[in-house]
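Below is one structure, written out as structure tokens, with a few remarks after it.
Laboratory data are not the source of any read-out in this text; all were calculated from the coordinates shown. All figures in this text were calculated on a predicted structure; none of them were measured in a lab. Positions of Cβ are backbone-derived with ideal geometry, glycine not excepted, and every protein chain shown enters the neighbour counts.
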Amino acid sequence: MKTLVTGAQGCIGSWVVKRLIEGGHDVVTFDVNDSLARLEMISDAAVVAKVDRRVGNIQDTAVVKKLVADEQITHIVHLAAVLMPFCAKNPVEGALINVVGTLNVFEAAREAGIGSRIVYASSSAVWGPTDEYGEGELTEDLPTRPRTHYGVYKAANEGNAKIYFANDGISSIGLRPWTVFGPGRDAGLTADPTLAMRAVARRQPFQIRLSGHMDLQYTQDVADIFIQCLFSEATGAHAFNLRGDVISMEDLVAMLEEIRPEAKGLITVAGNPVPVAYRMSDAALVNTVGAVPRTPLRQAVRATIDKFEALG
Ligand SMILES: NC(=O)c1ccc[n+]([C@@H]2O[C@H](COP(=O)([O-])OP(=O)(O)OC[C@H]3O[C@@H](n4cnc5c(N)ncnc54)[C@H](O)[C@@H]3O)[C@@H](O)[C@H]2O)c1
């Protein structure tokens, strides 16, 4: 049994690699970036030493196919992607990485005859703005209405995953995180809650450049849910919401000041809300793979600040 993690040097990828290796699994990583900085930040040296690291571009069909075949990969966590700001500025390259890259992973699995499922990162960005859905919780049967190229690419991946199940019997689970936070999160539109926690740890001023509500999901929980899905028995092509704790940015600042009163006044909020609905239900996920971890928000925020303080 050997797991390929694409986008392994990223925030979620580093946590998935750490948790897989800690769980005794064999892991091959694939990323265009060769730095292990995030993994080194969150893991001890023994974990980092066990990484079998490959550097390459997910757009390269032949490379991805060869890797999966040569390494006799049995499980895949596909996270390689560029995030919303990059896709907004570079729609063509964004599509090549996010959509064609995902097709490459499914093609590689199909050719290699992988029997186990692929777990891949979709995104809450498949949803439209919150006022399009009313007051109820978002369940997966509601129509997706992405307002960004990035969200459209993620919706396309969910559609292609369904075709791979219908045509080739490849089972998959796409997970839709909202704002992942915790050590290692430093890129993308919604990195600011984590950057604010780092600023609190360093006692530096910081302005969160987004307002409104976010669903904050702790890195370690998100990684563990990806892994739980990877080893679940579920068949079919699923796409599930992930759920953490919904909080306004003003309430997050108040929580940060309660946790570290000495940082009072350092963190401010400005800017527009993210145009993505945030009341996601994770009932379908839980019904399919069982109860999932959800560290209480205050505890996870405190652990994140503690970690940043330890890092200095
Ligand atoms: N972080 C969040 O809040 C969030 C929310 C929703 C969805 N997601 C999705 O989760 C996944 C991981 O996100 P993240 O926060 O860890 O992002 P990240 O930017 O930290 O990690 C993405 C990784 O993909 C790699 N990558 C980019 N282009 C590549 C290419 N052409 N070939 C190979 N590797 C490439 C990057 O080097 C990076 O290490 C992505 O698919 C993202 O769209 C994240």
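Things to note:
- The Stokes-Einstein estimate for region 1-62, based on a Kirkwood radius over Cα pairs and taken at 20 °C with 1.002 mPa s viscosity, is a diffusion coefficient of 187 µm²/s.
- Sorting the Cα pairs of region 114-185 by distance into bins of 10 Å, from 0 upward, gives 18, 43, 30, 9, 0 percent per bin.
- Normalised by the number of residues in the chain, the average gap of Cα pairs under 8 Å and 6 or more apart makes the relative contact order 19 percent.
- Every pair of different Cα atoms in region 10-117 enters the Kirkwood calculation, which places the hydrodynamic radius at 14.6 Å.
- Of the trypsin sites (Lys or Arg not before Pro) found in region 3-63, not one falls in a DSSP loop while having at most 13 other beta-carbon atoms within 10 Å.
- Secondary-structure-derived ellipticity at 222 nm for the chain, considering helices only, amounts to -12500 deg cm²/dmol, per-run term -39500 (n - 2.57) for DSSP H runs with n ≥ 4.
- Around the Cα centre of the chain, unit charges on the Cβ atoms of Lys, Arg, Asp and Glu (plus for the first two, minus for the last two) sum to a dipole of about 420 debye.
- Residue-wise HN-Hα couplings along region 53-58, as the Karplus relation 6.51 cos²θ - 1.76 cosθ + 1.60 with θ = phi - 60° gives them from phi, are 9, 10, 10, x, 9, 5 Hz; Gly and Pro carry x.
- Cut-off 11 Å between beta-carbons: net charge of the residues surrounding Pro129, Lys and Arg +1, Asp and Glu -1: 0
- Axis of helix 149-168 versus longest Cα principal axis of the chain: the two differ by about 30°, to the nearest ten degrees.
- For the pair region 2-55 and region 234-312, the centres of their Cα atoms are 23 angstrom apart.
- In Hz, Karplus ³J(HN,Hα) per residue of region 207-219 (6.51, -1.76, 1.60; θ = phi - 60°; x = Gly, Pro): 10, 6, 8, 9, 10, x, 9, 9, 9, 8, 10, 6, 3
- All alpha carbon pair distances within region 43-182 were sorted into 10 Å bins beginning at 0; the resulting P(r) in whole percents reads 11, 37, 34, 16, 3.
- Taking Lys and Arg as +1 and Asp and Glu as -1, the other residues whose beta-carbon sits under 11 Å from that of Arg53 total -1.
- Extending 7 Å from the Cα toward the beta-carbon at both Arg54 and Glu233 defines two label points whose distance is 3.1 nm.
- Percent of Cα pairs exceeding the 22 Å cut-off, where the set is region 127-237: 48
- Shape analysis of the chain yields a ratio of the Cα radius of gyration to the Kirkwood radius, Rg/Rh, of 0.95.
- Exposed loop sites here mean GluC sites (Glu not before Pro) with a DSSP loop assignment and at most 11 other beta-carbon atoms within 10 Å; the chain contains its longest site-free run at 1-134.
- Amide H contacts for Gly128 (H built 1.01 Å from N in the peptide plane; partners 5 or more residues away or on another chain; cut-off under 5 Å): Arg145, Ala277.
- Spin-label model, Val63 to Gln207: label points 7 Å out along the Cα-to-beta-carbon direction sit 3.9 nm apart.
- Taking Cβ atoms as reference points and 13 Å as the exclusive limit, the residues near Arg147 contribute a net charge of 0, counting Lys and Arg as +1 and Asp and Glu as -1.
- Pair-distance distribution of region 227-312: all C-alpha pairs, bin width 5 Å, starting at 0; shares per bin in whole percent are 3, 11, 16, 17, 15, 15, 11, 8, 4, 1, 0.
- Rounded to the nearest 5, the antiparallel percentage of DSSP beta bridges internal to the chain is 10%.
- Calculated FRET efficiency for the pair Ala310/Thr74, C-beta based, R₀ 30 Å, to 0.05: 0.25
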